[in-house]
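The structure under discussion appears below in the form of structure tokens.
The values are calculated or read from the model by the stated rules, or taken from the named source; none is laboratory data. Computed from a predicted structure; not experimentally measured. For neighbour counting, all protein chains shown are included, and Cβ atoms are generated from backbone atoms with ideal geometry for every residue, glycine included. Please note that ligands, DNA and RNA were not included when accessible areas were found on the heavy atoms of the full protein model with its side chains. Shrake-Rupley method; radii C 1.70, N 1.55, O 1.52, S 1.80 Å.
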Amino acid sequence: QVQLVESGGGLVQAGASLRLSCAASGRTSSTYTMAWFRQAPGKKREFVACLSRSTDSPFYADSVKGRFTISRDHARNTVYLQMGNLKPEDTAVYYCAARAGAILYMEEGYDFWGQGTQVTVSS
């Protein structure tokens, strides 16, 4: 079991940067594939980025590639999502998720979820 708590969301202007954090408790996050998803109003939750549990290799959705960076601090048991050049279409609730298996881009495969943190980007 692992508990996930996101933080770092807020209201920013287009072009700004923001860093989200996902603190894991319980089992160490190193044993899990960790991911970020987001859900905009009226839309389905979508994959943003994930980190392989075995290699820490990052994978990104095309919509954020080159702007977002996912990383893991093993000592702090925390996963980060550094978001740059934010756009209004990035506005969403961002969720941290974990799964014991290999990387997966679909939310149905993730076993543990945080409560989400709101990111709002104004134009």
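Restricting the first member to the range 1-29 and to residues that are under 26 Å from GLY101 (Cβ atoms), and the second to residues that are of a type in the set (Lys, Arg), the beta-carbon pairs closer than 7 Å and six or more apart or on different chains are GLN1/ARG27; VAL2/ARG27; SER29/ARG72.
Results for (1) under 27 Å from GLN1 (Cβ atoms); (2) over 14 Å from the mean Cα position of the chain (by Cα), shown as yes or no for each residue.
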| position | (1), (2) |
| --- | --- |
| SER30 | yes, yes |
| TRP36 | yes, no |
| ARG45 | yes, no |
| VAL64 | no, no |
| LEU81 | yes, no |
| TYR94 | yes, no |
| LEU104 | yes, no |
| THR120 | no, yes |
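If the condition is being within 16 Å of GLU46 (Cα to Cα), hydrophobic (A, V, I, L, M, F, W, C) and free of Cβ contacts under 8 Å to residues at least 40 places away in the same chain, then the range 69-110 contributes only ILE70.
Of the residues LEU20, LEU4, LEU11, which is open to solvent by 30 Å² or more (accessible area, probe 1.4 Å) and either in contact with a helix residue (DSSP H, G or I) (Cβ under 7 Å, 6 or more places away or on another chain) or not in a loop (DSSP other than H, G, I, E, B) (or both)?
It is LEU11.
Among the residues of the range 1-34, what is the count of those that are charged (D, E, K, R) and at pLDDT below 95?
So the count comes out to 1.
Can you spot a residue in the range 20-28 that is within 13 Å of the chain's Cα centre (by Cα) and not aliphatic (A, V, I, L, M)? Yes - at least one qualifying residue is present in the range 20-28. Of all the residues in the range 66-100, those that are open to solvent by less than 50 Å² (accessible area, probe 1.4 Å) and among the acidic types (Asp, Glu) number 2.
If you go through the range 59-78 and pick out every residue that is more than 15 Å from ARG19 (Cβ to Cβ) and modelled with pLDDT of 95 or more, you end up with 7. If the condition is being among the small types (Gly, Ala, Ser), touching a helix residue (DSSP H, G or I) at 6+ places or on another chain (Cβ under 8 Å) and open to solvent by less than 50 Å² (accessible area, probe 1.4 Å), then the range 101-123 contributes GLY101, SER122.
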